1. Taking springs between alpha-carbon atoms closer than 10 angstrom, which of B:Leu156, B:Leu59, B:Leu237 fluctuates most in the Gaussian network model of chain B?
2. Average partner chain C-beta neighbours within 10 Å, per residue of B:103-114?
3. Hey, got the average number of other protein chain Cβ atoms within 10 angstrom for residues in A:79-91?
4. Roughly how big is the range A:6-54's charge dipole about its Cα centre, with Cβ charges of +1 (Lys, Arg) and -1 (Asp, Glu), in debye to the nearest 20?
5. At a Förster radius of 35 Å, what calculated FRET efficiency corresponds to the Cβ-Cβ distance of A:Glu61 and B:Asp31, to the nearest 0.05?
6. Excluding A:Ser20 itself, calculate the net charge of residues whose Cβ lies under 10 Å from the Cβ of A:Ser20, where each Lys or Arg counts +1 and each Asp or Glu counts -1.
7. Quick one: which of A:76-85, B:257-266, B:171-180 comes out on top by average Cβ neighbours within 10 Å, and what's the full order, highest first?
8. Run the numbers for A:Lys155 and A:Arg126: contour at 0.36 nm per residue of separation, minus the present Cα-Cα distance, in nm.
Amino acid sequence: MITLGTQGKNTFLEAVNEKSGANVLECYQCGKCVGTCPVSQYMDFPPREIMQMIKLGLKNESYMANSHWFCLTCSACSGRCPREIDIPAVMEAVRHLAIEENYLNTSTKVKEIRKFHEIFLSMIKRYGRNYELRMMAEFNIRTRNLFKDMHLAPKALLKGKIPLGVKPLKSAKAIRRMYAIAEKLEKKK
Amino acid sequence: MKKLTYFPGCSAHGTSEEFDSTLKLVLKTLDVVLEDIPDWNCCGATSAHVMTENLAYALPMRNLVLAEKLENTTMGIACASCYQRMKVTKVHMDENPELAKRINSTVVEDGTYHGSVEIKSMLQYAYEDIGLETIKSKVTKPLTGLKVACYYGCLLTRPKNITHFDSPEYPVSMDQICEALGATATDFDFKTECCGASFSISNTEVVESLSGKILEMAKESGAHAIVVACPLCQSNLDMRQPDIEKLQGVKYGIPVFYFTQLMALAFGYPIDQLKFPKHIIPVEGALANIGKVDPSAEKTKKTTKAVKAESEVQ
């Protein structure tokens, strides 16, 4: 059952506002964000509905929606929002909270998006920079889709579009140290 | 001679090597010397900010701290995603000293963050610091006859309170640079639509759909080529173009240049230095239009100027 704010505080709304620096309550549901968003058609709930869900304190539903995973942070919506709400920051806040609280959207697409980002971050942790070829290979292996983009590979490799190696940082230690401290900070919160 | 701190970004050594190398040619002509940030690291784009707040700030922070050790006041960034992440970090750190202190603790062995270096995209640097007049004065082979759709993507001008550059809806800086080179910028409505960016690998269908619309609109605007200032836009529009053509059943064959490649071409650099063989879509067809006079060119030119005048009034 949905309860509207009368039973005390909407702690979910407060958490999102605090993390994003935006005030979701300012949204008056005009829907301009939905019309502007290039990926709203792929979302379970388009940005306008997510905003309302946060206002209603629908934490589980917001966390489990694929919307914040599909948000490209292109900022087209916030540029046109008549209330000037930083909607991408709201999406990001919901996603970060969902990750922190271990809410896992298990749809294949979301799992793939998440896997990609995890592999990307592991590349930086290891080399300090992105190793594109290895990232693509790992993504294909870990999503069990070995032949994805393989038809592009011969041309891209021949033309040197994608280099075979990566030049790691001299101070790769500095990056690993950064990761370790950042992870510690994450736990402290 | 001017000096500029330079953050090349990971793709400068890979997918966008032609952006990096033509940028260096152009700046040589313009008497600007680049100083790389020593031992720079990946800025985290676009994955760090998706997954975690601390790393999203910490990765750019290390580069900002290292950049402060060089003497220049401005840093130029080639890649639009890197530019966005570094600028977001700087703006948020400057607004919130408490946060800056917390993030600085992750890279404190590299130095202390003061926020003293200004961050600009290379497009912004060319437009604001070098200027159209200087660019024009260096042109030896004008690109007359070449019609281009200037595509900015999402990250160079948005969000406005972060970038403070050009218009978030209908920017004109790259159009004016191309016109200073003698080319004609078409009236192109999809200048700041998203190409799908970071979904290139994990969500290719979305990229093909979004980039497909951009190609369609560019073609409709009458452009021979698209001009970009972002490595992700370039690879999505160029490398994925044959697949998009197959999907839509249309033949675009529209090459995607970095604006620095066109600048270098107009500045008279020989074609074999411009890395055109790296393009998936061949460039020769579009370049064959240079030198041909098109009667409709004058008209399009006026449209861009009128729009600029309009945006200035606003």
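Since every read-out is calculated from the coordinates, none of them should be taken as a lab result. Bear in mind the structure is a predicted one, so any value in this text is a computation, not a measurement. So basically every Cβ, Gly included, is an ideal-geometry build from the backbone, and we count neighbours across all protein chains shown.
1. B:Leu59
2. The mean count of partner-chain Cβ atoms within 10 Å per residue comes to 3.
3. Working: counts 10, 2, 0, 0, 0, 3, 0, 2, 0, 3, 1, 0, 1.
Partner-chain Cβ atoms within 10 Å, mean over residues of A:79-91: 2.
4. Details: 4 positive and 5 negative charges, 14 e Å.
Roughly 60 debye for the range A:6-54.
5. On the way: r = 58 Å, r/R0 = 1.66.
The formula returns an efficiency of 0.05 here.
6. -2
7. Numbers: A:76-85: 19.5, B:257-266: 26.7, B:171-180: 23.7.
So the peptides A:76-85, B:257-266, B:171-180, ranked by packing, come out B:257-266, B:171-180, A:76-85.
8. On the way: separation 29, 0.36 × 29 = 10.44 nm, distance 2.75 nm.
Additional length available on full extension: 7.7 nm.
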